[in-house]
Amino acid sequence: MTITHESDTETRIELKDGRKIILIGTAHISEESVTEVREKIASEKPDRVCIELDEARYKSITEGKKWSDMNIAKVLKERKGFLLLTNLVLSSFQKKLGLDLGTKPGDEMLAAITTCKELEIPFDLADRDITITLKRAWAKSNFWNKNKLLSALFASAFTKEKLSEEDIEELKKKNALSNMMEELAKELPSVKEVLIDERDRFLASKIYDAQGKTIMAVIGAGHAPGICEHLEKLSEEDSSSDISDINFIPKTGFVRKAMPWLVSTLVVGLFAYMGIARGVDQMLENMAWWAIFQAGFSFIGASLALAHPLSILAGTLSAPFVSLVPIIGAGLVAGLVESAVRKPNVGDFERLPNDALTFRGFYKNKVTRILLVFFYTNFASIIAKFILFKFLIDLLPKI
């Protein structure tokens, strides 16, 4: 197999079986990428084009996302609040950059599809289902990494710094991309593994299995090095293009499922032990501190989200009890009350894509406000639990 880098955005590969693959690396909000994709497909006229899209994102780009179909209370009950919040912030980040540069995220992919249809060139949607990708990233991240990811996305999405076209084009260069991937791997290795490494392999397998003598692939520029590496492995005789091992949503392991319950059981056990070893008064005093900390932190979290007074009250009063029941949590209670007393209307769902572009919009829109109430209250309650658990453990030698 031979690899030739024609430019920062174009890589040509000749496989051992004589087939040719042309990788066109793009930036997802670059007008120059849109033009290049159109021109390359028209000039090369490949047998087939593989596009870095899945069915869900293809429908979202071509038909628009129907946010009004979403049941926010159901999302919270199914424990998908963190996932939805991450998805919204990520979407707003890409859309904001696109507005700064006069393009929409995915315009270059849409241009590839339109050009293929005009020239009657068959095309494949070659990316993994976005739901599987996000859920795999979420499942592989612990609580702190999830919050690090959300914090980084919030900081990026709501920054006032604007990127120029030159900045975007610089991101297509391999050295700039390598540095970014190294930073991501250092800070969030599990996220990088799922969002980048696994999708490199998935895309490479789809490209390798595509029908035709000349295949063109329109991909994000960051995937090009990894795809080349996997194509080289696939060209070996004993290699397989099977990707079933990375194309499913992993089940939560027993240890991860049991850990929250174990912590709650230990806390209850510590209270009982204190009652036996130091008397009921000491046990009641420590239980009171638990209630005060949980209620206080939950009050702060819900207040920071500017929740309705009833939502703040519900989260505050329930926190001392539901903090010991991992499947509920103060954030869920406050979020459900918020969704009931400030029920989103059709206008909130219609404005959601635009309101999610700004920090103020996140607070203004009832849908995102509910997510903030859920997230802030939950996060504050968990912080309180860690502080109090350490406090209780420190008391043990004194018993």
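In this Cβ point-charge picture (+1 for Lys and Arg, -1 for Asp and Glu), the stretch 218-358 has a dipole of about 880 debye about its Cα centre. Between residue 1 and residue 254, the FRET efficiency from the beta-carbon distance, with R0 = 30 Å, is close to 0.10. Across the stretch 191-264, Cα pairs under 8 Å and at least six residues apart give a relative contact order of 36 percent.
Got a sec? Charge dipole of the stretch 254-393, +1 on Cβ for Lys and Arg, -1 for Asp and Glu; which of 352, 371, 333 is way out at the positive end? In the stretch 254-393, that residue is 352. Measuring nothing but how far apart in sequence close Cα pairs (under 8 Å, 6+ apart) lie, relative to its length, the stretch 254-393 scores a relative contact order of 28 percent.
With a cut-off of 20 Å on the backbone N, the residues of the stretch 316-337 near the modelled label site 7 Å out from residue 284 along Cα-Cβ are 320-321. Sequence-ordered 3J(HN,Hα) estimates for the stretch 122-129 from the Karplus curve with 6.51, -1.76 and 1.60 and θ = phi - 60° stand at x, 9, 10, 7, 9, 8, 6, 3 Hz, glycine and proline given as x. Site pair residue 343 and residue 119 shows an inter-label distance of 5.3 nm when each label is modelled 7 Å from Cα along Cα→Cβ. Each label was represented as a point 7 Å from its Cα along the Cα-to-Cβ direction; for residue 242 and residue 266 these points are 4.0 nm apart. Rounded to the nearest 20 debye, the dipole magnitude of the stretch 296-381 is 140 debye, with +1 charges on Lys and Arg beta carbons, -1 on Asp and Glu beta carbons, and the Cα centre as origin.
Inter-label distance, residue 77 to residue 386: 3.1 nm, where each label sits 7 Å from its Cα along the C-beta direction. Rounded to 0.05, the FRET efficiency of the residue 277 and residue 130 pair, given R0 = 45 Å and the Cβ-Cβ distance, is 0.25. Shape class of the stretch 261-307 from the Cα gyration tensor (axes a ≥ b ≥ c, square roots of the eigenvalues): oblate, since a/c reaches 1.5 or more and a/b does not exceed b/c.
Values quoted throughout were computed directly from the atomic coordinates according to the rules given, and no laboratory measurement underlies them. Please read these numbers as outputs of a predicted model, since none were measured by experiment. All Cβ positions, glycine included, derive from the backbone under ideal geometry; neighbour counts span all protein chains shown.
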